[in-house]
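Have a look at the structure below, then the notes.
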Amino acid sequence: LAQAKREVKREKRQMKHEQLIQEAKKAKRERKKLKRLERQERKNQQQQQQKEDEEEHVKQEQVCQEKCCHDEADEKNDAIEEHTFTAYNALDEELAAMRGDRSGIPPAMLAPAAACVALDTKVLGYTNRKDQPDKTIFDRQLTSEWAHELQQGMIPAEELRAKEDMRPMAYKIVPELWNRLCPKSLWECEDRDMTTTQAEAGHTTDNSTMTVENQLLLGLIRHPSSLYDEATYAVFRHMHQYSNLHISSGGIFGCDFLLYDGKRSDRHSFAGLRIYTCDKNNESKFPVPSAYDLTGFVRTMNTARKLALIATVIKDEEEGDTARVLIVDLALEKILSVQTHKKKGNTEKRRSEKETSSGLAKMKN
């Protein structure tokens, strides 16, 4: 009898448990159904709102277009476009701004180097250049020598840092010939004739080196600095002639120029370029900035996911009309023996070229 009573109680508990489970499942199904309905309702509301926003945007665009048709600024821009250089793909945004392509926005002020290139290519509609320019080539041997001298100049700072009672350095700077993301056309012109190359690129040759008179005609707000202005002009002109790179001011990142592999409206810059000049009283034929200067520049560029490039120009002693352009890539390498990288499992010394070039496209709204 006692056993029968226990079995009856067990069956009742089991039935009650199964009933609770069924009720819980039913409640769960109801909750899922409600959530699904809420999501569908939110989606419908978003679609409706998006549709209304698009209709409102279309209306606003129509109003703006009708207003712009009678705007005097547009008429001036159209007049400028008829008398200026039309090959937009060959110009960077700073030069295109002079053509009025910025939809009514006032043109940007050009740096001396960019202004002189604008005169060379007649983007401004006129030029006061008559003499032939200096021939510019990229010199691999001199660039490698400069990179080696930069590396030697950093050794004292590295030795001093190693003696300090601090954790060991996790990174090191390796100056080397610029190869990463470098347009091959910049190096291909090393052994080619200047006239032939310019004919291929479709540029005129009625230009000259930057003179004091030319700089004053551009309305500069400072006195010309011959060494720096000549170097920046040579580098800017060489890149403009022998590559499709777009170039802009790099002041926001503490450098002279920013380099883009496409239109600035579509791409982020992939490198910052600083230009150094060597004082005539300097014993070395190459400029050697301090290790702390280079380290700060590399740190800034690396944080912004850009290459850190430095350039200089060496005049050929044998051929007075030849300017040799040197560009060094300050590569940042990990010291894999340091405990920090061991913990993280890092096995690559530097970012790959593919990783460096990724994420350059700007997101369109």
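Quick note: the coordinates plus some simple rules give every number you see, no bench work behind them. Keep in mind that this is a model prediction, so the values were computed, not measured. Note that each Cβ is placed from the backbone with ideal geometry, even for glycine, and that neighbours are counted across all protein chains shown.
May I ask you to compute the full-extension gain from Asn346 to Arg13, defined as 0.36 nm times their residue separation minus their alpha-carbon distance, rounded to one decimal in nm?
Gain on extension, Asn346 to Arg13, equals 114.0 nm.
Gly153 sits among other residues whose Cβ lies under 15 Å from its own Cβ, and their net charge, with Lys and Arg +1 and Asp and Glu -1, is -4. Packing, taken as the mean count of other beta carbons within 10 Å per residue, orders the peptides 255-265, 289-299, 343-353, 138-148 from highest to lowest as 255-265, 138-148, 289-299, 343-353. Working from label points 7 Å from Cα in the Cα-to-Cβ sense, the Gln22 to Lys35 distance is 2.5 nm.
Report the calculated FRET efficiency for Arg140 and Cys64 (r = Cβ-Cβ distance, R0 = 56 Å), to the nearest 0.05.
Working from the Cβ atoms, E equals 0.60.
Here the label points at Ser358 and Tyr292, each 7 Å from Cα along the C-beta direction, are separated by 3.7 nm in the simple model. With the simple spin-label model, which puts each label point 7 Å out from Cα in the Cβ direction, the His268 to Met166 separation comes to 2.8 nm.
Peptides 304-316, 153-165, ordered by how many other C-beta atoms sit within 10 Å of their residues on average, highest first, read 304-316, 153-165.
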